[in-house]
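Undergrad: Structure incoming, see below.
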Amino acid sequence: MPRPAILTIDDDPDVLQSLEQDLKSRYSEHYRVLKADSGVSGLDLLRRLKLRGDDVALLLVDHRMPQMTGIQTLSEAIHLYPD
């Protein structure tokens, strides 16, 4: 079974890259570190993970993003992963 995922969602590519590097250097032994550049793409990724039966350990989401805020993203994500 694959390791649980840590998903970072941020519209700033520099922040997203930095978060990915930091999280992978610290947690890659126990978690898969995934990234998405918007709330919409993050939710699409979460749906694919759910269909595969993969666990998600953590969502790290920027609050201020175009199209969909972090709160809106998390509100939708909780329907996919309520626990």
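The values are calculated or read from the model by the stated rules, or taken from the named source; none is laboratory data. Note that the structure is a prediction, hence the values are computed from the model and not measured. Cβ placement follows ideal geometry from the backbone for every residue including glycine, while neighbour counts extend to all protein chains displayed. Accessible surface areas use protein heavy atoms only, side chains included; no ligands, DNA or RNA. Shrake-Rupley method; radii C 1.70, N 1.55, O 1.52, S 1.80 Å.
Undergrad: Which loop GluC sites (Glu not before Pro) in the chain, with loop taken from DSSP, have no more than 10 other Cβ atoms within 10 angstrom of their Cβ?
TA: Numbers: sites: GLU20, GLU29, GLU76; in loops: GLU29.
Sparse-neighbourhood loop GluC sites (Glu not before Pro): GLU29.
Undergrad: Report relative contact order for the chain in percent, whole number only (criteria: Cα-Cα under 8 Å, sequence separation at least 6).
TA: On the way: 118 pairs, mean separation 30.7, N = 83.
Averaging sequence separation for qualifying contacts and normalising by length gives 37 percent for the chain.
Undergrad: For the chain, which whole-number percentage of the solvent-accessible area (1.4 Å probe, protein heavy atoms only) is attributable to carbon and sulfur atoms?
TA: Numbers: 2810 of 5460 Å².
C and S atoms contribute 51 percent here.
Undergrad: Accessible area per residue for the range 20-78 in Å², computed with a 1.4 Å probe and the full protein assembly in place, what is it? Each step should come with its number before you reach the end.
TA: Values: 3940 Å² over 59 residues.
Accessible area per residue: 67 Å².
Undergrad: Let me ask something else about it. Identify, among LEU59, THR69, TYR81, the residue whose Cα sits farthest towards the positive end of the charge dipole of the chain, taking +1 on the Cβ of Lys and Arg and -1 on the Cβ of Asp and Glu, with the dipole about the Cα centre.
TA: Value computed over the given set: TYR81.
Undergrad: Under the rule of at least 5 residues apart or a separate chain, name every residue whose amide H is placed under 5 Å from the amide H of VAL33.
TA: The list, which skips near neighbours in sequence, is ILE6.
Undergrad: Please identify every one of the trypsin sites (Lys or Arg not before Pro) in the range 1-66 that sits in a loop by DSSP and has no more than 10 other beta carbons within 10 Å of its own beta carbon. Walk me through the numbers on the way to the answer.
TA: On the way: sites: LYS24, ARG26, ARG32, LYS35, ARG47, ARG48, LYS50, ARG52, ARG64; in loops: ARG64.
Here the sparse-neighbourhood loop sites are ARG64.
Undergrad: Now for a separate question. May I ask for log10 I(q)/I(0) of the chain at q = 0.19, 0.20 Å⁻¹, from a Debye sum over the Cα atoms as equal point scatterers with solvent left out?
TA: Computed log10 I(q)/I(0) values: -0.78, -0.86.
Undergrad: Mind putting a number on the dipole of the chain about its Cα centre? Charges go on the C-beta only, +1 for Lys and Arg and -1 for Asp and Glu, and I need it in Debye to the nearest 20.
TA: Numbers: 10 positive and 14 negative charges, 71 e Å.
Here the chain has a charge dipole of around 340 debye.
Undergrad: Pull up all non-local amide H partners of ASP55: gap of 5 or more, or a different chain, and H-to-H distance under 5 Å with H placed in the peptide plane.
TA: ALA5
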